[in-house]
C-alpha cells in the first residue's frame, strides 16, 4: 500500500519488477534510471548484490509531478532476485507493493521458468495476505530481438490466460525498446487507482 509522508507531502508508490533470472528486470531499471527525464530529481540506483543475483532500486518523480489530494507522487522502482533460492528476499521486496511489472523472457527454452516465476509471484502475494487480483500489474515480453523466441500468442496463453487480460508489451530492454511503454502503463494504472478515494497507510 502506498505510503504518505506528511512531512514532505509525498505519496510514495512502490513498483516491483518480477520475473525469472536474467529475464531483463535489471536492464529495465538501468535503462529507466539512465533515461528518465525529471526536473524534480531521481534517486541513486542502488544494488544489493548476492553471490549470484542482485536487487536494484531507485525512486523518481514523473516529469509531470502528479498531485493526489495535495501530495506529490514519487515512484519507487525495485527488482526482485530471479533465482528461487532467494525467495525470502523476493517476499521482503514485495512488502508494501502497489504495482508489479512481470518481465518474461521470450526465448522458447525459458517458458517453464516464466510460468514458475509467475506462479511463485502469486504464491508470495497470497502468503503475504495480498490478493493478486487486486494488485495492478502489467506484463513485458522481453528479448524480442533474439532468435528462437516464442510467439506472443503463446506467451499470452501461458501468463495472461484469464477472463480479463492485463496489458502486455513486447520489448527489447537492452535496446530500451518497450521499457518506457511498460513503465508508463503501470504508472497510469496506479494513478487511476489512487485518484479514487482510498485509505493509505501513513508514515
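Computed from the coordinates by the stated procedures, all read-outs in this text should not be read as laboratory data. Model, not experiment: these values are computed from the prediction. All Cβ positions, glycine included, derive from the backbone under ideal geometry; neighbour counts span all protein chains shown.
Take peptides 88-97, 173-182 and line them up by average Cβ neighbours within 10 Å, highest first, as a rough protection proxy.
Working: 88-97: 16.9, 173-182: 18.8.
Per-residue Cβ counts within 10 Å, averaged per peptide and sorted highest first, yield 173-182, 88-97.
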Along Cα→Cβ, 7 Å out, is where each label goes; now give me the distance between the ones at residue 184 and residue 163 in nm to one decimal.
3.1 nm
Value in Å of the Kirkwood radius, where the range 84-203 supplies the Cα pairs that are averaged
15.5 Å
Sort the following peptides by mean Cβ neighbour count (other Cβ atoms within 10 Å, averaged over residues), highest first: 19-30, 120-131.
19-30, 120-131
Convex hull of Cα atoms in the range 151-198, direction-averaged projection (nm²):
4.4 nm²
